[in-house]
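Down below is the structure, laid out as structure tokens.
Where a number appears in this text, it was derived from the coordinates with a stated rule and is not lab data. Computed from a predicted structure; not experimentally measured. A quick note on method: Cβ atoms are made from the backbone with ideal geometry, for glycine too, and the neighbour counts reach across all protein chains shown.
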Amino acid sequence: MILPPAMLGVFGGGQLGRYFVMAAHELGYRVMVVDPDRDSPAGRIADVHLLADYDDLHTIERMAADCAAVTTEFENVPADSLAYLARFLPVRPDAEALRICQDRSAEKSFLKAHGFPHAPYADIRGPDDIERVQDGLFPGILKVARGGYDGKGQTWVRGRAEALAAYRQLEDEACVLERRMALEGEISVVLARDAAGRIGCFPASESRHRQGILDLSIAPAPGNLGAEAREIAEGIAERIGYVGALCVEFFVVAGRLYVNEIAPRPHNSGHYSLDACVTNQFEQQVRALCGLPLGDTRAHCAALMVNLLGDLWYSDGAAGGEQEPDWGKLLALPNLKLHLYGKRGARPGRKMGHFTLLGADLDALRETAMAARAALGIRDE
């Protein structure tokens, strides 16, 4: 076990990194954050903030010298950086897991090879691949293989001609063409797995999106698919040999689960665990990284989490642009927990915070959440 006050390293300085730093500090660890943004939320509260790119050799060597273990807060860290560090200290998740999860083609191939349910797809490396795909993949979604998130790098296409045009607009990047599914809903499962193969799985949550960005999460997920989703997510973690915090997102189609994406990190849909669970997803990430026993993942109540995007800062159309929302409307609710990420500069679509409502009755939580959203100016479409 790696015990406090050891220095832990994390690639990435966003809100997920910020919560990792907070969890590590609560357990007595020190944290080194690597992020090129001087104002990154995690970097501002870390013990050490290295302003550098994720493949900077001098920075990587300093991490190897000063850190006891290293993790990531997002999937697009160069896998080669992790592989190099792994020669000197524990790196969790490892480079191979990251290579699978940061490339949609590799991820789909992994799911197919191991028999996990997924949408029909085809790898697209050039216009000829689009010409050869089966008609059954249309209508579909053309997704860049690397780098897309929150709906970015994705285009709906009704047929071959639209797919070719979209591929050109994506500047001929490697892509995946996935058949568009008739969604009934979406479910997410967050878990942590340690180096001995033990898994702590959080209750599955229902996810609802708006314009490709998570809008709200409901935990536990209504219906009877939560146990199956957890079983599949645990199987994925075992097959990859994953160590750390992991999220598996599912589509629900005709009452069946299909794996949408694997995120090798804590996840927005697991934020409810900060307030509703005995151990939250970020403490689990610290525990898995350091070889500590995993914590108890039980929820002590139901929870409904709502994302707060930068659009709120402009929702009243006030002259002069950005204006702080009236948080007093949320803080007046005794069962609501407000989380703001400390980001400087709101912009539409940017995740600036979230709030979580806690209680025993999900219907009552939904009613309160809708009223709270409306009071802030979040309009349902």
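Within straight-line reach of Lys329, meaning a Cα separation under 29 Å, sit the following lysines at least 8 residues removed in sequence or on another chain: Lys337, Lys343, Lys351.
Only one of (i) 139; (ii) 210; (iii) 148 was calculated from the structure for volume of the Cα convex hull per residue in Å³, and its label is (iii). What lysines does Lys112 reach when the alpha-carbon gap must be under 26 Å and sequence neighbours fewer than 8 apart in one chain are set aside? Within reach: Lys143, Lys152.
Convex hull volume of the Cα atoms in the stretch 292-381, per residue, in Å³? Write out the running numbers ahead of the final one.
Working: hull volume 11.7 nm³, N = 90.
Hull volume over Cα atoms, normalised by residue count, gives 130 Å³.
The relative contact order of the chain, computed from alpha carbon pairs under 8 Å that lie at least 6 residues apart in sequence, is 13 percent. Electrostatic tally near Ala52: other residues with Cβ closer than 13 Å to its Cβ, Lys and Arg +1, Asp and Glu -1, net -4. Here the 3J(HN,Hα) profile of the stretch 83-97, calculated from phi with Karplus coefficients 6.51, -1.76 and 1.60 at θ = phi - 60°, is 4, 5, 4, 5, 6, 10, 7, x, 10, 9, x, 8, 4, 5, 4 Hz, Gly and Pro shown as x. Counting beta carbons within 10 Å around each of Met370, Met1 and listing the fewest first gives the order Met1, Met370. Modelled this way, with points 7 Å down the Cα-to-C-beta line, the labels at Phe138 and Glu228 are 3.2 nm from one another. Taking the number of Cβ atoms within 10 Å of each Cβ as an exposure proxy, the fewest-first ranking of Phe282, Phe110 is Phe110, Phe282. Rounded, prolate or oblate for the stretch 120-179? Axes are the square roots of the Cα gyration tensor eigenvalues, ordered a ≥ b ≥ c, and the cut-off for rounded is a/c under 1.5. In terms of gyration-tensor shape, prolate. For the stretch 7-91, the C-alpha radius of gyration sits at 0.95 times the compact-globule guess of 2.2 N^0.38 Å, with N the residue count. Would you be so kind as to identify which of Gly295, Leu308, Ala371 lies farthest towards the positive end of the dipole of the stretch 274-376, taking Lys and Arg as +1 and Asp and Glu as -1 on Cβ and the Cα centre as origin? Of the listed residues, the answer is Gly295. In the chain, the DSSP-assigned H stretches of four residues or longer account for a calculated mean residue ellipticity at 222 nm of -8000 deg cm²/dmol, using -39500 (n - 2.57) per stretch and the full residue count as denominator.
Evaluated with a Cβ-only charge set (Lys, Arg +1; Asp, Glu -1), the chain carries a dipole of roughly 200 debye about its Cα centre, given to the nearest 20.
Mind putting a number on the dipole of the stretch 120-179 about its Cα centre? Charges go on the C-beta only, +1 for Lys and Arg and -1 for Asp and Glu, and I need it in Debye to the nearest 20.
Charge dipole of the stretch 120-179: 140 debye, to the nearest 20.
Annotation: the residues Cys247, Cys301, sorted from fewest to most other C-beta atoms within 10 Å of their own C-beta, follow the order Cys301, Cys247.
For GluC sites (Glu not before Pro), the sites in the stretch 133-174 that DSSP calls loop and that have at most 13 other Cβ atoms within 10 Å are Glu171. Taking K and R as +1 and D and E as -1, what net charge do the other residues with C-beta under 9 Å from the C-beta of Val144 add up to? Charge balance near Val144 sits at +3. The Cβ shell under 13 Å around Gly43 holds other residues with a net charge of 0, Lys and Arg each +1, Asp and Glu each -1. Shown here are the Rg and Dmax of the Cα trace of the stretch 185-376, at 17.2, 57 Å.
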